[in-house]
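Colleague: Quick one: the structure is below, questions incoming.
The values are calculated or read from the model by the stated rules, or taken from the named source; none is laboratory data. Quick caveat: nothing in here was measured; it's all calculated off a predicted structure. Note that each Cβ is placed from the backbone with ideal geometry, even for glycine, and that neighbours are counted across all protein chains shown. Surface areas here come from the heavy atoms of the whole protein model, side chains and all, with no ligands, DNA or RNA. Shrake-Rupley method; radii C 1.70, N 1.55, O 1.52, S 1.80 Å.
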Amino acid sequence: MATTSTDTGRSNQKKRTRTAIVEAARELIGTGAEVTMPAIARAALVSEATAYRYFPDLPSLIGEALAGAWPAPADALRPVEESRDPVERVAFACEFLLRGILTRQGSVRAMIAATVTRPETATTRPGIRFGLIDHALLPLQDTLAATDPDAFAQLKRDLAVVVSAEALFTLTDLCRLDPDAAISSAVRTATTLTEAAVRASQITAA
């Protein structure tokens, strides 16, 4: 069956509508303000029902809007790429992630809220922290990772708790720290964990 001009027009309109919704989400995310489906729909000049026809939930829309927004881990850690000190690298990775979260905190909070109430959508979260942690710990591949893979895996899990939006918001919302103090606290904890793991591996090796 041949495609009619009407079919093509509808297809193009759908693409324009989807693009408008994603762009509206991206612009709202960039402001750091609260991100909701009604707010995105208003900015895109569509109804909320229309927005939900294109995206089944807020996490899926935020995920698409954020695609490509974060650099690859190697690019993010470029300023410390020559360093073989995992502590220095972890400190940089932690601060990089948390400052990035602050600039996008409306969308990050919305994503966390959605995935807490619907755990099955957790896979839609970008998981930026894991790539950054892996890259930061590359100097340990031939030491701790080789001699004690369980300890290395535990270090990664420990860091995943600290190098995270959840940790940042605990420090700002519940501990009432200002953003800079909260980031400093998280970085201090992340480096302490890394230092302890490195020290333990050196003792074991000796």
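Colleague: Given the structure, is SER60 modelled with pLDDT of 95 or more and farther than 16 Å from VAL163 by Cβ? Spell out the reasoning first.
Modeller: Values: modelled with pLDDT of 95 or more: no; farther than 16 Å from VAL163 by Cβ: yes.
No; evaluated as a whole, the condition is false for this residue.
Colleague: Out of everything in the range 112-127 that is more than 17 Å from GLY68 (Cα to Cα) and touching a residue at least 40 places away in the same chain (Cβ under 8 Å), what residue ends up being surrounded by the fewest Cβ atoms within 10 Å (Cβ to Cβ)?
Modeller: Only one residue tops the list, namely ARG118.
Colleague: Out of (1) surrounded by fewer than 16 Cβ atoms within 10 Å (Cβ to Cβ); (2) β-branched (Val, Ile, Thr); (3) part of a loop (DSSP other than H, G, I, E, B), the odd one out for VAL35 is which?
Modeller: (1)
Colleague: Also: Evaluate the range 135-144: report whether one residue or more is crowded, with 20+ Cβ neighbours inside 10 Å, in a helix (DSSP H, G or I) and touching a Cys at 6+ places or on another chain (Cβ under 9 Å).
Modeller: We begin by selecting, within the range 135-144, every residue crowded, with 20+ Cβ neighbours inside 10 Å; these are 136-137, 140, 144.
Add one more test, that the residue is in a helix (DSSP H, G or I), and what stays is 136, 140, 144.
Retained after the next criterion (residues that are touching a Cys at 6+ places or on another chain (Cβ under 9 Å)): 136.
The answer is yes, given that some residue of the range 135-144 is crowded, with 20+ Cβ neighbours inside 10 Å, in a helix (DSSP H, G or I) and touching a Cys at 6+ places or on another chain (Cβ under 9 Å).
Listed here are the residues, each with its yes/no results for (1) touching a residue at least 12 places away in the same chain (Cβ under 8 Å); (2) more than 20 Å from GLY106 (Cα to Cα).
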site	(1), (2)
ILE133	yes, yes
PRO139	yes, yes
ASP148	yes, yes
SER164	yes, no
ASP173	no, no
ASP178	no, no
ARG188	no, yes
THR191	yes, yes
ALA200	yes, yes
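Colleague: Still on this structure: What are the residues in the range 150-162 that are under 16 Å from PRO86 (Cβ atoms) and free of Cβ contacts under 8 Å to residues at least 60 places away in the same chain, if any?
Modeller: Correct list: ALA151, PHE152, ALA153, GLN154, LEU155, LYS156, ARG157, ASP158, ALA160.
Colleague: Scan the range 42-82 residue by residue and report those that are within 15 Å of the chain's Cα centre (by Cα), over 21 Å from ALA136 (Cβ atoms), open to solvent by less than 40 Å² (accessible area, probe 1.4 Å) and of a type in the set (Gly, Ala, Ser).
Modeller: Within the range 42-82, SER60, GLY63, ALA65 qualify.
Conditions tested, residue by residue: (1) more than 21 Å from GLY32 (Cα to Cα); (2) basic (Lys, Arg).
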site: LEU144; (1), (2): yes, no
site: THR147; (1), (2): yes, no
site: ARG157; (1), (2): yes, yes
site: GLU166; (1), (2): no, no
site: LEU174; (1), (2): no, no
site: ASP180; (1), (2): no, no
site: SER184; (1), (2): no, no
site: THR189; (1), (2): yes, no
site: LEU193; (1), (2): yes, no
